[in-house]
1. Please list C:122-133, C:180-191 highest first by mean number of surrounding beta-carbon atoms within 10 Å per residue.
2. Bins of 10 Å, beginning at zero and ending with the bin holding the largest distance: percent of Cα pairs per bin for the protein assembly as shown, please.
3. Over chain A, with a single point scatterer placed on each C-alpha, what log10 of the ratio I(q)/I(0) does the Debye formula yield at q = 0.08, 0.11, 0.15, 0.18 1/Å?
4. Got the relative contact order for the range A:72-160 handy, in percent, Cα pairs under 8 Å and 6 or more residues apart?
5. Work out Dmax and Rg for the range B:104-159 from the C-alpha atoms and quote the Rg first, both in angstrom.
6. Could you sort B:166-172, A:120-126 so that the peptide with the highest average Cβ count within 10 Å comes first and the rest follow in order?
7. For chain C, set up a GNM with springs between Cα atoms under 10 Å and report which of C:154, C:61, C:70 has the largest fluctuation.
8. Which whole number gives the average, over all residues in A:41-53, of C-beta atoms from other chains lying within 10 Å of the residue C-beta?
């Protein structure tokens, strides 16, 4: 039998499934799906644990770490992302993809790929905070309710991607 | 394209067409007021207290604020520049000439939402144009503009920007700034409007 | 009716449980759609694999159609949801930064979580990068980013209102554009892969 690890769900079906989850998210919780929001909460609670006094007085943290408020980890987005992790593992296990690998073009070294991944992560970290969300929280959740911000984000992220694609083609092709 | 591709795309397209067809305007004369309220897109009907504050501060000539409470209540406290048309006299010919036009933006307000909503419904039923309701009424006005509360939830940036605006507006209307000091105008503290408590969801992917 | 949690129709623990279940569905969709494979993701920018575009737009349009249909039939009130406010200047700049991050790093935060936890080593480093990026941003927020973060605020803007058309019509137009795009990209993908074949993703990507 052919190896399942290179099989993927029909993209439209996968999109339909994600769309349904988005509808449930808005119906039950009143908010969209997110990715970077959970990262932010992790960072906030980390900084708070290391230096509570600093976190209490810095604008960016203050609103989430005041005395008496529940931990930033006790939130919808954190549980949602925990679910995402479990879902991804279930699916990867089903398709037999649950192994340690580095995904990259054959023409670059592992080291190059890792450095690029860290750099890309840094850019997303800054971008998602400045833009109030990432692909899921800003663009997809925004588009789901016709928010102007979602379409600005869509144009900028994909526009930016195509703008810079030429310069980084060696990483991928 | 494969069969499944076409099938899903077809579902989405049919959904899109259904959506366009279903968003037609309901027939206003045949349904109950409650249904009418819920059917009509809130954005078409509601103006926030912040927007009203902006109109007043900017002395916007295209806006008429209409107090639909009784005359006594109007005399005790009202928004600057507003006129008084009590609910029961909205259909009065003297007053309907104010309301039935399409030059000015008419914003109704009462203590809560109820009376202003009723007025709006009556006028909408008569096919009057450019009519709105100030969300939450004077209760909301006192809470948000005269005595704004410093935000403490996680969606800080928005909330803080709005808070800054409200602090300024509060000074303008003599509401005594940010904290809970009693306001200098004899603002009424009418009973809170009925209805379910609506907590704004916060968070998202920020 | 909906949204249930902001109106306190379900309790917090139930809401968190539902979050977990919804997240699981989301995670399955992402992984099964191929979003943990960075070369599939990057393919959208080079024309050899458009899976991102297909999944992404199908998801966005499915949810938009579903939500506004429910809105029209009174099953959910979109006004009560966490509705994103638009700050167009930081969003535009941040979008370009994220676009660059996409082309360099090969993931976005959501997909990197899936990748990291299913054994993609580059995904783990990407997650580390995101956390460092957020840490750097938040620690320098007061000094560098604050004014930019708050600039260009427009409030909660609905793009259909902004364009002056109905929500349903706008969504329908975007859906039609998306379907046309699906057909076109499928052709492009075939052409690119037949003319100058990028080594099969299966063999190399994972």
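1. Working: C:122-133: 24.7, C:180-191: 13.7.
Top to bottom by mean Cβ count within 10 Å: C:122-133, C:180-191.
2. All Cα pairs considered, the percentages come to 3, 16, 26, 24, 16, 9, 4, 1, 0.
3. Treating every Cα as an identical point scatterer, log10 I(q)/I(0) equals -0.33, -0.64, -1.17, -1.44.
4. Reported relative contact order: 11 percent.
5. Values for the range B:104-159 (Cα only, Rg and Dmax): 14.7, 44 Å.
6. Working: B:166-172: 17.4, A:120-126: 28.7.
The densest-packed peptide leads the list: A:120-126, B:166-172.
7. Of C:154, C:61, C:70, the Gaussian network model singles out C:154 as fluctuating most.
8. Values: counts 4, 5, 10, 4, 0, 3, 4, 0, 0, 0, 0, 0, 0.
Other-chain Cβ atoms within 10 Å of each residue's Cβ, averaged: 2.
Coordinate-derived values only; no laboratory data. What you see is a predicted model, and the numbers here were worked out from it, not measured in a lab. Cβ coordinates were reconstructed from backbone atoms using ideal geometry, including for glycine residues, and neighbour counts include every protein chain displayed.
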